[in-house]
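A quick write-up on the structure given underneath.
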Amino acid sequence: MTAPNLTPYANLTPDRVLDAVESLGLLTDGRLLALNSYENRVYQVGIDESTPVIAKFYRPERWSDAAILEEHAFTLTLAEHEIPAIPPSIIAGRTLHECAGYRFSLTPRRGGRAPELDDSAVLEWLGRFIGRIHAIGAIAPFTQRPTLNIESFGIEPREFLLTHDWIPHDLLPAYASVVEQALDCVRACYDRAGSPQPLRLHGDCHPGNLLWTDAGPHFVDFDDARMGPAVQDLWMLLSGERSEMSRQLADVLAGYEDFCEFDQRELHLIEALRTLRIIHHAAWIARRWEDPAFPAAFTWFGTQHFWQNHILQLREQIAAMEEGPLWSA
(Lines give C-alpha, C1' and ligand atoms only; values in the text may rest on other atoms or scores of the structure.)
Protein backbone atom coordinates (compact mmCIF):
# COMPACT_ATOMS: atom_id res chain seq x y z
CA MET A 1 0.00 0.00 0.00
CA THR A 2 1.15 3.52 -0.74
CA ALA A 3 1.87 5.57 2.39
CA PRO A 4 -0.45 8.58 2.76
CA ASN A 5 0.99 11.98 1.94
CA LEU A 6 1.22 13.73 5.32
CA THR A 7 1.91 17.15 3.78
CA PRO A 8 -0.52 17.14 0.83
CA TYR A 9 -0.63 20.91 0.40
CA ALA A 10 3.11 21.47 0.12
CA ASN A 11 2.79 22.14 -3.62
CA LEU A 12 -0.35 24.27 -3.44
CA THR A 13 1.39 27.59 -4.01
CA PRO A 14 -0.45 30.90 -4.53
CA ASP A 15 0.34 30.70 -8.24
CA ARG A 16 -1.24 27.24 -8.44
CA VAL A 17 -4.37 28.51 -6.70
CA LEU A 18 -4.69 31.33 -9.23
CA ASP A 19 -3.92 28.98 -12.13
CA ALA A 20 -6.66 26.61 -10.96
CA VAL A 21 -9.26 29.37 -10.90
CA GLU A 22 -8.18 30.72 -14.27
CA SER A 23 -8.33 27.19 -15.74
CA LEU A 24 -12.12 27.58 -15.52
CA GLY A 25 -12.10 30.67 -17.71
CA LEU A 26 -12.08 33.30 -14.97
CA LEU A 27 -9.58 36.15 -14.97
CA THR A 28 -8.14 36.73 -11.51
CA ASP A 29 -6.80 40.07 -10.35
CA GLY A 30 -4.02 38.57 -8.20
CA ARG A 31 -5.73 39.10 -4.83
CA LEU A 32 -5.66 36.01 -2.65
CA LEU A 33 -6.84 35.66 0.95
CA ALA A 34 -6.46 32.40 2.88
CA LEU A 35 -9.58 31.65 4.92
CA ASN A 36 -9.82 29.76 8.18
CA SER A 37 -9.72 26.07 7.25
CA TYR A 38 -7.50 23.19 8.32
CA GLU A 39 -8.90 20.01 6.80
CA ASN A 40 -9.04 21.60 3.35
CA ARG A 41 -7.53 24.78 1.96
CA VAL A 42 -9.94 27.61 1.21
CA TYR A 43 -9.14 30.95 -0.40
CA GLN A 44 -10.99 34.08 -1.39
CA VAL A 45 -9.78 34.87 -4.90
CA GLY A 46 -10.22 38.26 -6.52
CA ILE A 47 -11.80 38.26 -9.98
CA ASP A 48 -11.09 41.02 -12.47
CA GLU A 49 -14.02 43.47 -12.67
CA SER A 50 -16.26 41.15 -10.67
CA THR A 51 -16.89 39.93 -7.12
CA PRO A 52 -14.41 37.50 -5.56
CA VAL A 53 -15.05 33.76 -5.47
CA ILE A 54 -14.26 31.17 -2.80
CA ALA A 55 -11.97 28.38 -3.98
CA LYS A 56 -11.95 25.19 -1.90
CA PHE A 57 -9.15 22.67 -2.44
CA TYR A 58 -10.07 19.26 -1.05
CA ARG A 59 -7.63 17.33 1.11
CA PRO A 60 -6.25 14.53 -1.05
CA GLU A 61 -7.31 10.99 -0.13
CA ARG A 62 -10.00 12.12 2.33
CA TRP A 63 -13.12 11.80 0.15
CA SER A 64 -13.68 9.99 -3.12
CA ASP A 65 -14.91 12.01 -6.09
CA ALA A 66 -18.29 10.32 -5.66
CA ALA A 67 -18.52 11.39 -2.01
CA ILE A 68 -17.67 15.00 -2.85
CA LEU A 69 -20.20 15.06 -5.67
CA GLU A 70 -22.84 13.63 -3.33
CA GLU A 71 -22.25 16.56 -0.96
CA HIS A 72 -22.49 18.96 -3.90
CA ALA A 73 -25.75 17.40 -5.06
CA PHE A 74 -27.20 17.73 -1.56
CA THR A 75 -26.37 21.44 -1.25
CA LEU A 76 -27.66 22.11 -4.77
CA THR A 77 -30.95 20.42 -3.85
CA LEU A 78 -31.19 22.54 -0.70
CA ALA A 79 -30.58 25.70 -2.72
CA GLU A 80 -33.26 24.67 -5.24
CA HIS A 81 -35.69 24.55 -2.30
CA GLU A 82 -34.62 28.08 -1.28
CA ILE A 83 -32.79 26.84 1.80
CA PRO A 84 -29.76 29.10 2.40
CA ALA A 85 -27.02 26.54 1.95
CA ILE A 86 -24.27 27.80 -0.34
CA PRO A 87 -23.69 25.24 -3.12
CA PRO A 88 -20.68 25.12 -5.45
CA SER A 89 -20.93 26.88 -8.77
CA ILE A 90 -21.66 24.80 -11.85
CA ILE A 91 -18.99 25.66 -14.43
CA ALA A 92 -18.83 23.86 -17.78
CA GLY A 93 -21.47 21.46 -16.45
CA ARG A 94 -19.43 20.42 -13.40
CA THR A 95 -19.01 21.37 -9.76
CA LEU A 96 -15.78 19.43 -9.07
CA HIS A 97 -12.64 20.39 -10.97
CA GLU A 98 -8.98 19.37 -11.04
CA CYS A 99 -5.76 21.28 -11.64
CA ALA A 100 -2.17 20.24 -10.98
CA GLY A 101 -3.34 17.19 -9.05
CA TYR A 102 -5.68 19.11 -6.73
CA ARG A 103 -9.45 18.74 -6.75
CA PHE A 104 -11.31 21.98 -6.11
CA SER A 105 -14.64 23.76 -6.35
CA LEU A 106 -15.71 27.40 -6.54
CA THR A 107 -18.58 29.01 -4.65
CA PRO A 108 -19.89 32.56 -4.64
CA ARG A 109 -18.69 34.74 -1.78
CA ARG A 110 -21.37 35.33 0.85
CA GLY A 111 -20.77 37.71 3.71
CA GLY A 112 -22.19 37.51 7.21
CA ARG A 113 -21.48 37.62 10.90
CA ALA A 114 -21.72 35.19 13.77
CA PRO A 115 -25.30 34.52 14.88
CA GLU A 116 -26.41 35.83 18.29
CA LEU A 117 -27.17 32.52 19.96
CA ASP A 118 -28.45 34.17 23.14
CA ASP A 119 -31.38 35.59 21.12
CA SER A 120 -34.47 33.35 21.19
CA ALA A 121 -35.66 34.63 17.82
CA VAL A 122 -32.32 33.78 16.20
CA LEU A 123 -32.36 30.25 17.65
CA GLU A 124 -35.90 29.67 16.44
CA TRP A 125 -34.95 30.97 12.99
CA LEU A 126 -31.96 28.60 12.86
CA GLY A 127 -34.19 25.77 14.02
CA ARG A 128 -36.61 26.41 11.16
CA PHE A 129 -33.88 26.21 8.54
CA ILE A 130 -32.29 23.11 10.07
CA GLY A 131 -35.75 21.55 10.09
CA ARG A 132 -36.06 22.34 6.38
CA ILE A 133 -32.58 20.86 5.72
CA HIS A 134 -33.58 17.68 7.55
CA ALA A 135 -36.91 17.45 5.75
CA ILE A 136 -34.93 17.26 2.49
CA GLY A 137 -32.24 15.09 4.11
CA ALA A 138 -34.79 12.48 5.15
CA ILE A 139 -36.05 11.92 1.60
CA ALA A 140 -33.12 9.71 0.54
CA PRO A 141 -29.87 8.49 2.15
CA PHE A 142 -26.28 9.22 1.29
CA THR A 143 -24.72 6.19 -0.42
CA GLN A 144 -21.12 7.43 -0.71
CA ARG A 145 -20.74 9.13 2.68
CA PRO A 146 -20.34 7.49 6.10
CA THR A 147 -22.61 7.34 9.12
CA LEU A 148 -21.76 9.02 12.41
CA ASN A 149 -21.46 6.14 14.89
CA ILE A 150 -19.60 4.98 17.99
CA GLU A 151 -17.11 2.94 16.00
CA SER A 152 -15.87 5.71 13.69
CA PHE A 153 -16.09 8.62 16.14
CA GLY A 154 -15.13 6.84 19.37
CA ILE A 155 -13.54 3.42 19.22
CA GLU A 156 -11.33 3.90 16.17
CA PRO A 157 -10.02 7.35 17.28
CA ARG A 158 -9.26 5.97 20.74
CA GLU A 159 -7.27 3.09 19.23
CA PHE A 160 -5.33 5.48 17.00
CA LEU A 161 -4.27 7.62 19.97
CA LEU A 162 -3.29 4.58 22.03
CA THR A 163 -1.37 2.74 19.32
CA HIS A 164 0.53 5.80 18.07
CA ASP A 165 1.92 6.79 21.48
CA TRP A 166 0.14 10.13 21.77
CA ILE A 167 -0.73 9.74 25.44
CA PRO A 168 2.04 10.62 27.95
CA HIS A 169 3.23 7.45 29.67
CA ASP A 170 2.28 8.58 33.17
CA LEU A 171 -1.26 9.47 32.03
CA LEU A 172 -1.82 6.34 29.94
CA PRO A 173 -3.63 4.27 32.62
CA ALA A 174 -5.94 7.18 33.48
CA TYR A 175 -6.73 7.88 29.82
CA ALA A 176 -7.35 4.22 28.95
CA SER A 177 -9.69 3.83 31.92
CA VAL A 178 -11.68 7.04 31.48
CA VAL A 179 -12.11 6.73 27.70
CA GLU A 180 -13.41 3.17 28.10
CA GLN A 181 -15.85 4.30 30.77
CA ALA A 182 -16.93 7.21 28.59
CA LEU A 183 -17.60 4.90 25.63
CA ASP A 184 -19.63 2.59 27.86
CA CYS A 185 -21.76 5.60 28.82
CA VAL A 186 -22.12 6.54 25.14
CA ARG A 187 -23.37 3.03 24.37
CA ALA A 188 -25.88 3.29 27.22
CA CYS A 189 -27.14 6.62 25.84
CA TYR A 190 -27.61 5.06 22.41
CA ASP A 191 -29.50 2.16 24.00
CA ARG A 192 -31.84 4.61 25.75
CA ALA A 193 -32.37 6.52 22.51
CA GLY A 194 -33.62 3.39 20.79
CA SER A 195 -32.99 3.35 17.05
CA PRO A 196 -33.36 6.90 15.74
CA GLN A 197 -33.76 7.07 11.99
CA PRO A 198 -30.53 8.41 10.43
CA LEU A 199 -30.80 11.09 7.79
CA ARG A 200 -28.54 13.31 5.71
CA LEU A 201 -27.00 15.96 7.96
CA HIS A 202 -24.87 19.07 7.71
CA GLY A 203 -22.74 17.12 10.19
CA ASP A 204 -20.70 19.99 11.64
CA CYS A 205 -23.31 22.63 12.41
CA HIS A 206 -21.32 24.73 14.88
CA PRO A 207 -21.64 28.55 14.99
CA GLY A 208 -18.50 28.99 12.86
CA ASN A 209 -20.33 27.35 9.96
CA LEU A 210 -23.27 29.76 10.22
CA LEU A 211 -23.19 33.23 8.69
CA TRP A 212 -25.89 35.63 9.79
CA THR A 213 -27.23 38.60 7.84
CA ASP A 214 -30.30 40.79 8.24
CA ALA A 215 -32.04 38.36 5.88
CA GLY A 216 -31.23 35.40 8.12
CA PRO A 217 -28.62 32.62 8.17
CA HIS A 218 -26.41 31.02 5.55
CA PHE A 219 -25.18 27.48 6.17
CA VAL A 220 -21.65 26.92 4.89
CA ASP A 221 -19.11 24.07 4.74
CA PHE A 222 -21.00 20.82 4.23
CA ASP A 223 -17.66 18.98 4.02
CA ASP A 224 -18.59 16.77 7.00
CA ALA A 225 -22.07 15.95 5.68
CA ARG A 226 -22.97 12.37 6.57
CA MET A 227 -25.78 10.17 7.83
CA GLY A 228 -26.70 10.42 11.49
CA PRO A 229 -29.32 11.38 14.08
CA ALA A 230 -31.06 14.73 13.65
CA VAL A 231 -29.87 16.01 17.03
CA GLN A 232 -26.28 16.09 15.74
CA ASP A 233 -27.15 19.30 13.87
CA LEU A 234 -28.84 20.84 16.92
CA TRP A 235 -26.68 20.27 19.99
CA MET A 236 -23.75 22.44 18.89
CA LEU A 237 -26.03 25.48 19.05
CA LEU A 238 -26.42 24.97 22.82
CA SER A 239 -24.05 26.30 25.47
CA GLY A 240 -23.90 27.38 29.11
CA GLU A 241 -25.46 25.82 32.19
CA ARG A 242 -28.02 23.06 31.91
CA SER A 243 -30.94 25.44 32.46
CA GLU A 244 -29.64 27.75 29.71
CA MET A 245 -29.26 24.86 27.27
CA SER A 246 -32.81 23.70 28.04
CA ARG A 247 -34.15 27.15 27.15
CA GLN A 248 -32.03 27.30 23.99
CA LEU A 249 -33.17 23.83 22.97
CA ALA A 250 -36.81 24.84 23.39
CA ASP A 251 -36.24 27.82 21.08
CA VAL A 252 -34.48 25.71 18.44
CA LEU A 253 -37.14 22.99 18.51
CA ALA A 254 -39.93 25.56 18.30
CA GLY A 255 -38.65 26.47 14.85
CA TYR A 256 -37.43 23.00 13.87
CA GLU A 257 -40.79 21.30 14.38
CA ASP A 258 -42.50 23.73 12.04
CA PHE A 259 -40.92 21.68 9.24
CA CYS A 260 -39.68 18.38 10.64
CA GLU A 261 -40.84 16.11 13.45
CA PHE A 262 -38.22 15.62 16.17
CA ASP A 263 -37.89 12.29 18.00
CA GLN A 264 -37.55 13.28 21.67
CA ARG A 265 -35.62 10.08 22.39
CA GLU A 266 -32.67 11.61 20.55
CA LEU A 267 -32.19 13.98 23.50
CA HIS A 268 -30.44 11.05 25.18
CA LEU A 269 -27.71 11.47 22.55
CA ILE A 270 -26.72 15.09 23.14
CA GLU A 271 -23.96 14.46 25.69
CA ALA A 272 -23.02 11.18 23.99
CA LEU A 273 -22.41 13.01 20.71
CA ARG A 274 -20.46 15.71 22.53
CA THR A 275 -18.28 12.97 24.06
CA LEU A 276 -17.64 11.35 20.69
CA ARG A 277 -16.69 14.74 19.24
CA ILE A 278 -14.13 15.28 22.03
CA ILE A 279 -12.49 11.89 21.41
CA HIS A 280 -12.61 12.25 17.62
CA HIS A 281 -11.24 15.81 17.64
CA ALA A 282 -8.10 14.80 19.58
CA ALA A 283 -7.39 11.98 17.14
CA TRP A 284 -8.09 14.26 14.15
CA ILE A 285 -5.40 16.71 15.26
CA ALA A 286 -2.98 13.85 15.91
CA ARG A 287 -3.55 12.38 12.43
CA ARG A 288 -2.86 15.74 10.79
CA TRP A 289 0.15 16.72 12.90
CA GLU A 290 2.61 16.46 10.00
CA ASP A 291 0.60 19.09 8.14
CA PRO A 292 2.42 22.35 9.04
CA ALA A 293 -0.89 24.16 9.58
CA PHE A 294 -1.73 22.00 12.58
CA PRO A 295 1.23 22.59 14.94
CA ALA A 296 0.92 26.29 14.15
CA ALA A 297 -2.80 26.38 14.98
CA PHE A 298 -2.90 23.90 17.87
CA THR A 299 0.28 24.77 19.74
CA TRP A 300 -1.14 23.35 22.98
CA PHE A 301 -1.90 19.92 21.56
CA GLY A 302 0.04 16.95 22.92
CA THR A 303 1.32 18.72 26.04
CA GLN A 304 0.95 17.23 29.49
CA HIS A 305 -1.53 19.97 30.34
CA PHE A 306 -3.65 19.19 27.27
CA TRP A 307 -3.99 15.50 28.12
CA GLN A 308 -4.74 16.25 31.76
CA ASN A 309 -7.56 18.55 30.65
CA HIS A 310 -8.72 16.01 28.06
CA ILE A 311 -9.06 13.34 30.74
CA LEU A 312 -10.91 15.80 32.97
CA GLN A 313 -13.27 16.66 30.07
CA LEU A 314 -14.10 13.00 29.59
CA ARG A 315 -14.80 12.60 33.31
CA GLU A 316 -17.15 15.59 33.17
CA GLN A 317 -18.87 14.02 30.16
CA ILE A 318 -19.36 10.77 32.04
CA ALA A 319 -21.12 12.72 34.78
CA ALA A 320 -23.24 14.59 32.22
CA MET A 321 -24.29 11.38 30.49
CA GLU A 322 -25.17 9.75 33.82
CA GLU A 323 -27.24 12.79 34.80
CA GLY A 324 -29.77 12.01 32.13
CA PRO A 325 -31.01 13.76 29.01
CA LEU A 326 -31.46 17.45 28.52
CA TRP A 327 -35.14 18.31 28.08
CA SER A 328 -36.46 21.42 26.39
CA ALA A 329 -37.91 23.92 28.85
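The values are calculated or read from the model by the stated rules, or taken from the named source; none is laboratory data. The model shown is predicted, which means the values in this text are computed figures rather than measured ones. No Cβ is skipped: glycine too gets one built from the backbone with ideal geometry, and neighbour counts run over all protein chains shown.
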| note | Checked pairs for the stretch 101-120, first in contact (Cβ under 8 Å) with a residue 60 or more places away in the chain and assigned to a strand (DSSP E or B), second of a type in the set (Ser, Thr, Tyr) and surrounded by fewer than 19 Cβ atoms within 10 Å (Cβ to Cβ), C-beta under 9 Å and 6 or more apart or across chains, list as Tyr102/Tyr9; Leu106/Ser89; Arg113/Thr213
| message | I'm trying to understand the selection: among the residues of the stretch 256-268, which are in contact with a Pro (Cβ under 6 Å, 6 or more places away or on another chain) and either part of a helix (DSSP H, G or I) or under 12 Å from Met236 (Cβ atoms) (or both)? | response | Glu266, Leu267, His268
| request: Write out, first by first residue and then by second, each pair whose Cβ atoms fall under 8 Å of each other, whose residues are 6+ apart or on separate chains, and whose first residue, in the stretch 307-322, is more than 20 Å from Arg187 (Cβ to Cβ) while the second is surrounded by fewer than 18 Cβ atoms within 10 Å (Cβ to Cβ) and at pLDDT 95 or above. | output: Trp307/Pro168; Trp307/Leu171; Gln308/Leu171
| said: Among the numbered criteria (1) farther than 19 Å from Ala176 by Cα; (2) out of contact with any Lys or Arg (no Cβ under 7 Å at 6 or more places or on another chain); (3) assigned to a helix (DSSP H, G or I), which one does Trp300 miss? | reply: (3)
| Close pairs (6 angstrom Cβ cut-off, 6 or more residues apart or separate chains): acidic (Asp, Glu) in the stretch 33-60, surrounded by 18 or more Cβ atoms within 10 Å (Cβ to Cβ) and in a loop (DSSP other than H, G, I, E, B) anywhere | Glu39/Arg59
| Tell me, which residue of the stretch 88-113 that is in contact with a helix residue (DSSP H, G or I) (Cβ under 6 Å, 6 or more places away or on another chain) and surrounded by fewer than 19 Cβ atoms within 10 Å (Cβ to Cβ) is farthest from Leu210 (Cα to Cα)? | Ala100
| said: Here is a check on your reading of the model: is Gln317 touching an Asp or Glu at 6+ places or on another chain (Cβ under 7 Å), farther than 21 Å from Trp125 by Cβ and either not assigned by TED's automatic domain parsing to the domain that holds Phe74 or not acidic (Asp, Glu) (or both)? | reply: yes
| task | Take Ala85 and decide whether it is surrounded by 19 or more Cβ atoms within 10 Å (Cβ to Cβ), touching a residue at least 24 places away in the same chain (Cβ under 8 Å) and closer than 25 Å to Met227 by Cβ. | result | yes
| query | Quick one: is Cys189 of a type outside the set (D, E, K, R), part of a loop (DSSP other than H, G, I, E, B), in contact (Cβ under 8 Å) with a residue 24 or more places away in the chain and surrounded by 15 or more Cβ atoms within 10 Å (Cβ to Cβ)? | reply | no
